[in-house]
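The values are calculated or read from the model by the stated rules, or taken from the named source; none is laboratory data. All values derive from a computational prediction rather than experimental measurement. A quick note on method: Cβ atoms are made from the backbone with ideal geometry, for glycine too, and the neighbour counts reach across all protein chains shown.
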Amino acid sequence: MSNKKQWLMIANQQYNSIEEVYKNYKKKVDKSYSNIEQQWVDDNLQIIIDFMGDEDVWMYMFPKNELYGIGGRASVRNVNLSKNSTAVFSGSHWRSRKPNDTIWFDPYDEYQIYGTNQFCQTFAMMYLLNKLPNQDYGNNFKKYYTYTNEALLFISDIITNAPFSTKAELKAIKNCLKYPNICLNAIELTIE
């Protein structure tokens, strides 16, 4: 069996906790598979993350949306109440707010592991469209696999229908949907 196939077997599993991801996956990757993982992330996951954070995608989905921080960084503290949907990119994390709402949606509150760079832009968009997955999982770590898969399905729909998506993005989302658990396991996780 090739190294890539061996890596795919351990990378696409679901684990029960961050600690289990480190013990059963991250330590093996660090020793034997780090180049394979990095190449897969670059060729697949990073492409769709970048696509979903692109201004053109946001304007396609929300023509009247107010965007802050694209091409730089912004803070939610400096954004006034608006009659439009609002999204703010801080330089590393996305938040969103529905029209005339005073509360900011933060994907770290439920849908994304705190401190990771995964699908915050996607969850912020899903929030504005009322398309977030149900929250029936409590503190079960495996909920993040469900949320990741739901985000991938949402992204697939956008890539498939957007008039400006490319073959590279279509190929990347297909690979991510084929191996959805990698899209959680391969991100940088921190044990506190």
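What's the total number of residues in region 113-130 that are touching a helix residue (DSSP H, G or I) at 6+ places or on another chain (Cβ under 6 Å), at pLDDT 95 or above and not in a helix (DSSP H, G or I)?
The total comes to 1.
Here is a yes/no grid of residues against (1) in a loop (DSSP other than H, G, I, E, B); (2) over 30 Å from residue 163 (Cβ atoms); (3) aromatic (Phe, Trp, Tyr); (4) modelled with pLDDT of 95 or more:
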site: 6; (1), (2), (3), (4): no, yes, no, no
site: 13; (1), (2), (3), (4): yes, yes, no, yes
site: 19; (1), (2), (3), (4): no, yes, no, no
site: 29; (1), (2), (3), (4): no, yes, no, no
site: 35; (1), (2), (3), (4): no, yes, no, no
site: 40; (1), (2), (3), (4): no, no, yes, yes
site: 45; (1), (2), (3), (4): no, no, no, yes
site: 49; (1), (2), (3), (4): no, no, no, yes
site: 67; (1), (2), (3), (4): no, no, no, no
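What are the residue pairs meeting all of these: first residue in region 14-27, first residue on the phi < 0 side of the Ramachandran plot and without any contact (Cβ under 8 Å) to a residue 60 or more places away in the chain, second residue of a type outside the set (Phe, Trp, Tyr) and outside any loop (DSSP other than H, G, I, E, B), Cβ atoms under 9 Å, and 6 or more apart or on different chains?
24/10
Considering only residues that are within 22 Å of residue 60 (Cβ to Cβ) and in a loop (DSSP other than H, G, I, E, B), look in region 78-89 and name the one that is modelled with the lowest pLDDT.
That would be 79.
Kindly establish whether residue 164 is farther than 21 Å from residue 29 by Cα, of a type in the set (Phe, Trp, Tyr) and at pLDDT 90 or above.
yes
Being surrounded by 17 or more Cβ atoms within 10 Å (Cβ to Cβ) and under 15 Å from the mean Cα position of the chain (by Cα) narrows it down to one residue among 150, 110; which is it?
150
Can you name the number of the only condition in (1) under 21 Å from the mean Cα position of the chain (by Cα); (2) surrounded by fewer than 20 Cβ atoms within 10 Å (Cβ to Cβ); (3) small (Gly, Ala, Ser) that residue 85 fails?
All conditions are met except number (2).
Which is part of a loop (DSSP other than H, G, I, E, B), loosely packed, with under 15 Cβ neighbours inside 10 Å and in contact (Cβ under 8 Å) with a residue 40 or more places away in the chain, of 141, 164?
164
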